[in-house]
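Colleague: Following this message is one structure expressed as structure tokens.
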Amino acid sequence: MIRLVRAELTKLASTRLVYGTAAVMAAFAVLTVAANISDRQGAPPLSADSLPMLVGGPVTLLSGAALLLGILGMAGEFRHHTITQTFLVTPDRGRVVAAKLVAYPLAGIGLALTILTFTAAVAAGRLAAKGITPSLLDARLARIVGVALLGAGLCGLLGVGVGALVRNQVAALVGVLVWVAVVEGLLMTLLNDPGLGRWLPSAAAAALTNPGGGQLSRLAGTLLLAGYALALALAGTRLVVRRDIT
């Protein structure tokens, strides 16, 4: 299994996907830090304790990036017809999918850690330019980083599950967008139950990174998101093992 996980990570590192995603996330992080520092209307003045707030800017988008990596890593094999060669090398399809279920959450965590480190460096530099020495030994900063890494790992797992269930790469990506933007709202409207929203996948992810405001607690959001991710992963693995790949 370790060999298969290493092969998946090597395969990902050989593509432009992860580097392009990292570049976009880095650019977004720079813009977020700049915007949060320059636009302080109604916000408290910058201080040594402002670093966690600045570093936390791209956290939500990092979860989305990890989800994207997971979907493309699984469904992309079907689109580019490399899945046949993969299964010829390793006929045990269950082990192949299991390796992806380990590799892509790790990739999401690695991406998140890299971008958060870069964001912290940029934010610390901007604060230092204003004569503010940021505090790196901050429990809030550690909490933000931990939550971001956990969210990225779970969303990477979720992405592989979606990609295994919907092997058409475009359909999987569009389906996720439509689910978040349209379907969840329709469900709450049709069932006439606004409280249902906090039990849906996007709300679970939001509760993990930003609890409160009528949402689930961070622990409940984490467990719910993990449940969705594991359910999709198991269902996706079952389908990949049973159905024809052509």
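Colleague: Length gain on complete extension for the stretch Leu187 to Leu230, per 0.36 nm per residue less the alpha carbon to alpha carbon distance?
Modeller: Details: separation 43, 0.36 × 43 = 15.48 nm, distance 2.23 nm.
Working it through step by step, the gained length comes to 13.3 nm.
Colleague: Of (1) 19.1; (2) 19.7; (3) 25.7, which is the value of Kirkwood radius over Cα pairs in Å derived from the coordinates here?
Modeller: Computed from these coordinates, Kirkwood radius over Cα pairs in Å corresponds to label (1).
Colleague: How large is the accessible surface per residue of the chain, computed with a 1.4 Å probe and reported in Å² as a whole number?
Modeller: On the way: 12430 Å² over 246 residues.
Ligands and nucleic acids excluded, the result is 51 Å² per residue.
Colleague: Per the 1.4 Å probe, what fraction of the accessible area of the chain, in percent, lies on carbon and sulfur atoms? Numbers along the way, then the final one.
Modeller: On the way: 8500 of 12430 Å².
Here it works out to 68 percent.
Colleague: Per residue of region 60-68, what does 6.51 cos²θ - 1.76 cosθ + 1.60 with θ = phi - 60° give for ³J(HN,Hα)? Whole Hz please, x for Gly and Pro, Karplus curve as stated.
Modeller: Going residue by residue, I get 4, 5, 5, 5, x, 5, 5, 4, 4 Hz, with x marking Gly and Pro.
Colleague: Right, here's the next one. Go through region 52-58 residue by residue and turn each phi into a ³J(HN,Hα) via Karplus (6.51, -1.76, 1.60, θ = phi - 60°); whole Hz please, and just put x for glycine and proline.
Modeller: x, 4, 6, 5, x, x, x
Colleague: Extension gain His81-Trp199, at 0.36 nm per residue separation less the Cα-Cα distance, in nm? List each step's numbers first, then the result.
Modeller: Working: separation 118, 0.36 × 118 = 42.48 nm, distance 3.63 nm.
Taking 0.36 nm per residue and subtracting the Cα distance, the gain is 38.8 nm.
Colleague: For region 112-123, what does the Karplus curve 6.51 cos²θ - 1.76 cosθ + 1.60, with θ = phi - 60°, yield as ³J(HN,Hα) per residue in whole Hz, taken in order and with x for Gly and Pro?
Modeller: Values, residue by residue: 4, 5, 4, 5, 5, 5, 4, 4, 4, 5, 5, 5 Hz.
Colleague: Same structure again: Evaluate the relative contact order of the chain (contact order divided by residue number), counting alpha-carbon pairs under 8 angstrom at least 6 apart; express in whole percent.
Modeller: Values: 330 pairs, mean separation 64.6, N = 246.
It comes to 26 percent, rounded to a whole number.
The values are calculated or read from the model by the stated rules, or taken from the named source; none is laboratory data. Keep in mind that what you see is a predicted model, and the values were worked out from it rather than measured. Ligands, DNA and RNA are excluded from the accessible area calculation, which covers all protein heavy atoms including side chains. Shrake-Rupley method; radii C 1.70, N 1.55, O 1.52, S 1.80 Å.
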